[in-house]
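Engineer: Take a look at the following structure, please.
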Amino acid sequence: MKDVQITRLRLGHVQLNQNLHKIGQVDSPNCSVCDTDEDIHHFIFQCPKQKELQRQLKQTCTDHRKAYNMRTILKTKECVDVLYEYLRIRNIFL
Ligand SMILES: [Zn+2]
């Protein structure tokens, strides 16, 4: 399950509004809180709804002397673990 989720994130095949809108499942591609495209970059770096995730990822990157960016986050084991755990305990399936 973890591998499936992380692969989807890496491919950008996520169930966020930008993609759901393309297949006609939601009316707007925008985040329900922010008036901007809800894609994986928005989710991981910008959305105030995921503030706690952003804090944890930033801290993990700092701890492991890694740059805080998408590439690091999706390729560093420790970051992937943080991300997966965050989604799991909140029952978020992207
Ligand atoms: Zn948002």
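The values are calculated or read from the model by the stated rules, or taken from the named source; none is laboratory data. Quick caveat: nothing in here was measured; it's all calculated off a predicted structure. Cβ coordinates were reconstructed from backbone atoms using ideal geometry, including for glycine residues, and neighbour counts include every protein chain displayed.
Engineer: Kindly evaluate Val14 against the criterion of being surrounded by 12 or more Cβ atoms within 10 Å (Cβ to Cβ), within 16 Å of the ligand (Cβ to nearest atom) and touching a residue at least 60 places away in the same chain (Cβ under 8 Å).
Structural biologist: Against the criterion (surrounded by 12 or more Cβ atoms within 10 Å (Cβ to Cβ), within 16 Å of the ligand (Cβ to nearest atom) and touching a residue at least 60 places away in the same chain (Cβ under 8 Å)), Val14 qualifies.
Engineer: When you go through Gln25, Gln5, Gln59 one by one, which is the residue that is at pLDDT below 95, more than 14 Å from the ligand (Cβ to nearest atom) and either among the polar types (S, T, N, Q) or in a helix (DSSP H, G or I) (or both)?
Structural biologist: Gln5
Engineer: A follow-up question, please. Do any residues in segment 22-40 that are under 23 Å from Thr7 (Cβ atoms) and free of Cβ contacts under 8 Å to residues at least 60 places away in the same chain have Cβ atoms under 9 Å from those of residues that are among the β-branched types (Val, Ile, Thr) and part of a loop (DSSP other than H, G, I, E, B), where the two are at least six apart or on different chains, and which pairs are they?
Structural biologist: What qualifies is Asp39/Val14; Ile40/Val14.
Engineer: Say whether the condition of being in a helix (DSSP H, G or I) and more than 17 Å from Val82 (Cβ to Cβ) is met by at least one residue in segment 28-40.
Structural biologist: The answer is no; no qualifying residue exists.
Engineer: Same structure again: Within segment 28-56, count every residue that is among the small types (Gly, Ala, Ser) and within 11 Å of the ligand (Cβ to nearest atom).
Structural biologist: 1
Engineer: Would you say Thr72 is without any contact (Cβ under 8 Å) to a residue 12 or more places away in the chain, within 16 Å of the ligand (Cβ to nearest atom) and touching a helix residue (DSSP H, G or I) at 6+ places or on another chain (Cβ under 7 Å)?
Structural biologist: So Thr72 fails the test.
Engineer: Based on what the data block shows, is Cys79 modelled with pLDDT of 95 or more, more than 16 Å from the ligand (Cβ to nearest atom) and among the hydrophobic types (A, V, I, L, M, F, W, C)?
Structural biologist: Criteria met by Cys79.
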